[in-house]
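Worksheet: the structure to be examined is printed underneath.
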């Protein structure tokens with residue numbers, strides 16, 4: 001029998017929306033990510049079972065945003081025969097198990113059939129579900145500038161969540177199709193295809209054009225100015241509000257253009273596999289499109305709240321690495337993102353970093369999300385504590401040729417430590 005105790009917490013998925021939110025941002029996230037708000041509306045759009053639970057699936061513990069698996073289970077799996085297995089590591093992707101007591105309830109079998117039928121349809125026609133979500137996003141009504149909060153909650157965020165859930169599901173399905181070098185080749189190909197048109201990636205690559213004078217700062221901010229150093233942190237100014245700061249960052253940027261790495265090619269694929277790959281690319285790009293619209297809504301929400309660039313930032317949190325009370329490891333083994341060897345000094349990137357040292361920096365990041373995009377290219381090497389092979393950080397690493405790996409145990413390493421990174425072998429060690 002599966003225990004019905006607390007299921008634990010997960011640091012990935014929706015928790016990467018804002019890894020360490022301010023009180024203001026957390027207040028909104030708590031309200032939006034419930035079964036009777038935007039999160040529940042997303043389940044309705046996808047045709048998935050859902051309970052209108054008033055508790056948020058997102059919680060903040062020690063400053064870090066996490067998915068509360070007990071609440072998510074009560075919201076999504078209450079009417080199915082599934083429960084989450086007890087989680088012991090926040091970085092491990094959660095898994096589900098059968099609850100034999102729930103198997104005795106006919107209503108749970110109906111909910112289970114409904115859940116499996118929907119997910120099976122995604123795999124049977126992955127491009128069709130992405131096309132349907134594209135249509136849903138396209139047909140959203142225009143935002144009312146006078147009530148951006150309501151628009152985000154009722155209209156836009158549910159679609160953003162649905163696209164994210166489908167994208168993650170299809171991406172995870174890739175791992176069941178390939179293994180080893182073939183899977184790496186597929187992931188490299190997907191990253192390169194996404195980078196070709198991804199708006200978030202372009203916002204970083206275009207900084208090289210500003211530095212070499214082929215793009216003016218004004219035009220750059222006109223295209224990408226609604227981004228922020230932490231895109232979905234409400235208390236932080238948008239780039240268009242701080243042009244002097246952005247100009248200084250671009251001037252100091254180490255890597256300014258994508259690498260001329262060889263083109264990644266796919267292994268021989270069956271028609272069904274090729275459709276899945278194409279659908280993952282389309283879903284990732286649709287997610288970018290949706291998040292871009294959400295950034296516009298966030299900019300309007302900041303205006304409605306009276307937040308200006310002169311307001312002091314509310315967030316004063318330490319990097320996750322310095323907040324974890326675990327022994328400092330001398331070496332580690334992780335998952336290769338982009339191969340290469342480099343030696344440099346460690347810098348743990350947090351959420352209010354200004355005094356970043358010059359020189360050869362190996363950056364340790366809490367995750368590989370767009371939240372840290374402007375800082376990835378300031379590093380000679382990257383270690384992500386969380387993230388996937390098609391996450392934004394992985395795409396940046398491959399396209400800019402920065403050695404990178406994923407290792408959730410790379411915590412507690414002091415800034416300034418000398419570290420040798422062999423990303424191809426997936427290892428690092430302190431010198």
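The values are calculated or read from the model by the stated rules, or taken from the named source; none is laboratory data. Keep in mind it's a predicted model, so treat the numbers as computed, not measured. Ideal geometry is used to build each Cβ from the backbone, glycine not excepted, and the neighbour counts take in all protein chains shown.
For the stretch 411-424, what are the residues that are assigned to a loop (DSSP other than H, G, I, E, B) and either surrounded by fewer than 21 Cβ atoms within 10 Å (Cβ to Cβ) or within 19 Å of the chain's Cα centre (by Cα) (or both)? Correct list: 412, 414, 415, 416, 417, 424. Number of residues in the stretch 374-409 that are in contact with a helix residue (DSSP H, G or I) (Cβ under 9 Å, 6 or more places away or on another chain), under 22 Å from residue 175 (Cβ atoms) and in a loop (DSSP other than H, G, I, E, B) equals 7.
Among the candidates 146, 79, 107, which residue alone is over 27 Å from the mean Cα position of the chain (by Cα) and not assigned by TED's automatic domain parsing to the domain that holds residue 28?
146
Could you say whether any residue in the stretch 185-200 is free of Cβ contacts under 8 Å to residues at least 40 places away in the same chain and within 22 Å of the chain's Cα centre (by Cα)? So far as the stretch 185-200 goes, yes, one or more of its residues are free of Cβ contacts under 8 Å to residues at least 40 places away in the same chain and within 22 Å of the chain's Cα centre (by Cα). With respect to residue 129, is the statement that it is closer than 24 Å to residue 30 by Cβ and surrounded by 15 or more Cβ atoms within 10 Å (Cβ to Cβ) true? For residue 129, the condition - closer than 24 Å to residue 30 by Cβ and surrounded by 15 or more Cβ atoms within 10 Å (Cβ to Cβ) - is not met.
Per-residue answers, yes or no, for (1) in contact with a strand residue (DSSP E or B) (Cβ under 9 Å, 6 or more places away or on another chain); (2) crowded, with 17+ Cβ neighbours inside 10 Å; (3) at pLDDT 85 or above; (4) not assigned by TED's automatic domain parsing to the domain that holds residue 30:
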{"position": "150", "(1), (2), (3), (4)": "no, no, yes, yes"}
{"position": "153", "(1), (2), (3), (4)": "no, yes, yes, yes"}
{"position": "165", "(1), (2), (3), (4)": "no, yes, yes, yes"}
{"position": "170", "(1), (2), (3), (4)": "no, yes, yes, yes"}
{"position": "174", "(1), (2), (3), (4)": "no, yes, yes, yes"}
{"position": "180", "(1), (2), (3), (4)": "no, no, no, yes"}
{"position": "199", "(1), (2), (3), (4)": "no, no, yes, yes"}
{"position": "202", "(1), (2), (3), (4)": "no, no, yes, yes"}
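Here's the yes/no breakdown for (1) in contact (Cβ under 8 Å) with a residue 12 or more places away in the chain; (2) surrounded by fewer than 20 Cβ atoms within 10 Å (Cβ to Cβ); (3) within 20 Å of residue 168 (Cα to Cα):
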| site | (1), (2), (3) |
| --- | --- |
| 10 | yes, no, yes |
| 20 | yes, no, no |
| 38 | yes, no, yes |
| 78 | yes, yes, no |
| 100 | yes, yes, no |
| 104 | no, yes, no |
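Applying the condition of being buried (at least 20 other Cβ atoms within 10 Å of the Cβ) and farther than 21 Å from residue 228 by Cα to the stretch 348-377 and asking which residue is modelled with the highest pLDDT yields 362. When residues in the stretch 26-38 are screened for being out of contact with any strand residue (DSSP E or B) (no Cβ under 9 Å at 6 or more places or on another chain) and part of a helix (DSSP H, G or I), 3 of them pass.
Looking across the stretch 378-395, the residues that are out of contact with any strand residue (DSSP E or B) (no Cβ under 6 Å at 6 or more places or on another chain) and modelled with pLDDT under 85 come down to 378, 386, 388, 389, 390, 391, 392, 395.
In this structure, does residue 68 turn out to be farther than 30 Å from residue 21 by Cβ, touching a strand residue (DSSP E or B) at 6+ places or on another chain (Cβ under 9 Å) and surrounded by 16 or more Cβ atoms within 10 Å (Cβ to Cβ)? Spelling it out, it is not the case that residue 68 is farther than 30 Å from residue 21 by Cβ, touching a strand residue (DSSP E or B) at 6+ places or on another chain (Cβ under 9 Å) and surrounded by 16 or more Cβ atoms within 10 Å (Cβ to Cβ).
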